[in-house]
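Some notes on the structure that comes next.
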Amino acid sequence: MNFKLIDLTHTLTPEAASWNGSCGFQHEVKLDYEDCTTEVKFRVQQIKMHAGIGTHMDAPAHCIPGGKTIDELPLEQLVAPCVVIDVSAKAHERYSLSVQDITEFEVQHGKIPKDTFVIIYTGWDQFWNEPEKYRNNLVFPNISIEATEFLLIRNIIGLGIDTLSPDRPEKGYHVHQLLLGNGKYIVENVANAKQLPPIGSHTLALPIKTLGGTEAPIRLIGMVL
């Protein structure tokens, strides 16, 4: 079976937008080719970073004590059919995905099946290379509580969005509480979602498997037949 593969992952750099304004990412060369004493020359690198930067996954344990951690998420949950709800034509910095947005999507494309990974495409990823504009003092499109509850009724497996978070801090963190509290996972800072069709694709979300991890950078891949 031949899939078209779409990279839904932003490249990590020290300048990448992050929640706190500085992502803390460092990619250092500890041993370079010219300093290597073996016959075959190696470049050895070290990575330092916060867990929740770039395109990354929040496991339930991120805000739910006793919830599953990154290493406890079964592979069966990390490969899933995907739908993309595109609200980019009307989204603005204070836009909140509504139940009506979802029902309008379902009228056109059918009911969201159980165990689907849902990506909300707001178009905000266009600002990724402008970190201050992307962060925007933590004001960006988000997801309403009502829409989150509706997606839980659909029993989705996880939720992705092309912003720093499905929650704006001014509204609290209800989306995190609802989704993670129901055993779902969240992927933030999704890239290139506009390249996926509304229905018919699959996603492969592979976090770094860290023991007890509550968040982890991932390589998110879209697969389209």
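Over the chain, what is the relative contact order in percent, taking alpha-carbon pairs closer than 8 angstrom and at least six residues apart? Show your work: numbers first, answer last.
Details: 514 pairs, mean separation 72.8, N = 225.
In percent, rounded to a whole number, it is 32.
Report, to the nearest whole %, how much of the accessible area of the chain belongs to carbon and sulfur atoms, 1.4 Å probe, protein only.
It is 52 percent, rounded to a whole number.
Using alpha carbons only, how many degrees (0 to 90, rounded to 10) separate the axis of helix 99-109 from the longest principal axis of the chain?
Its long axis makes an angle of about 90 degrees.
What chymotrypsin sites (Phe, Trp or Tyr not before Pro) in region 1-68 are in a loop by DSSP, with at most 15 other Cβ atoms within 10 Å of the Cβ? Walk me through the intermediate numbers first.
On the way: sites: PHE3, TRP19, PHE25, TYR33, PHE42; in loops: PHE3, TRP19, PHE25, PHE42.
Here the chymotrypsin sites (Phe, Trp or Tyr not before Pro) that fit, given the DSSP loop and packing criteria, are PHE3, TRP19, PHE42.
Using the basic label-point model (7 angstrom from Cα toward the beta carbon), what is the GLN100 to LEU31 distance in nanometres?
6.2 nm
Suppose R0 equals 22 Å; then what is the FRET efficiency for LYS209 and CYS63 from their Cβ-Cβ distance, rounded to the nearest 0.05?
Working from the Cβ atoms, E equals 0.60.
Within the chain, which is the longest segment containing none of the GluC sites (Glu not before Pro) that sit in a DSSP loop and have at most 16 other Cβ atoms within 10 Å?
In short, 94-225.
List the residues, sorted by chain then number, that are 5 or more residues from ARG219 or on another chain and whose placed amide H is less than 5 Å from its amide H.
LEU206
How much of the DSSP bridge set in the chain is antiparallel, in percent, rounded to the nearest 5?
Values: 26 of 40 bridges.
Roughly 65 percent of the DSSP beta bridges within the chain come out antiparallel.
Enter the accessible area per residue of the chain (Å², integer; probe 1.4 Å; all protein chains in place).
50 Å²
The values are calculated or read from the model by the stated rules, or taken from the named source; none is laboratory data. Everything numeric in this text was worked out from a predicted model, so none of it was measured. Heads up, the Cβs are rebuilt from the backbone with ideal geometry, glycines too, and the neighbour counts pull from every protein chain shown. Accessible surface is based on the protein model in full, side chains and every heavy atom, while ligands, DNA and RNA are left aside. Shrake-Rupley method; radii C 1.70, N 1.55, O 1.52, S 1.80 Å.
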